[in-house]
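The values are calculated or read from the model by the stated rules, or taken from the named source; none is laboratory data. These figures come from a predicted structure and were not determined experimentally. Note that we place each Cβ from the backbone using ideal geometry, even for glycine, and neighbour counts take in every protein chain shown.
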């Protein structure tokens, strides 16, 4: 019984602490980036795959937006790539817009440097997808 409980606690601790594979980036007023472990929903990766294939947003989801330039005004994502070139970002809804409701907070931001970022809280924090 003690071995089972110890195993359960170990699994819970693993998921509570995470694997460290994903990072959330937030820019407080001071401008320093903070890094924290966070999970990216599988739905976001499925949407990113559609973005890469050029099939998002779907025509059957009126009001769903994707591909418009995102300014990064708060500087929460890197402004330049490794070669010092300015990164141009585009924003994409993760989920289909539901008719009669506002768009939800989930977005994917893709960069001209091939980066992709997930935000589940409408641009307050970001988690790197690639």
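What to note about this one:
- Residues of the stretch 25-45 that are modelled with pLDDT of 95 or more and outside any helix (DSSP H, G or I): 40, 41.
- Sole exception among (1) modelled with pLDDT of 95 or more; (2) over 21 Å from residue 130 (Cα atoms); (3) surrounded by 13 or more Cβ atoms within 10 Å (Cβ to Cβ) for residue 48, by number: (2)
- For the stretch 93-116, the candidate set comprises residues that are within 10 Å of the chain's Cα centre (by Cα), closer than 19 Å to residue 54 by Cβ and in contact (Cβ under 8 Å) with a residue 40 or more places away in the chain; within that set, the residue that is surrounded by the fewest Cβ atoms within 10 Å (Cβ to Cβ) is 116.
- Residue count for the stretch 67-86 under the criterion of being under 23 Å from residue 53 (Cβ atoms) and surrounded by fewer than 12 Cβ atoms within 10 Å (Cβ to Cβ): the result is 2.
- Residues in the stretch 38-59 that are within 15 Å of residue 93 (Cβ to Cβ) and touching a residue at least 24 places away in the same chain (Cβ under 8 Å): 41, 43, 44, 45, 47, 48, 51, 56, 57, 58.
- Failed item in (1) without any contact (Cβ under 8 Å) to a residue 24 or more places away in the chain; (2) exposed (fewer than 13 other Cβ atoms within 10 Å of the Cβ), with residue 89 passing the rest: (2)
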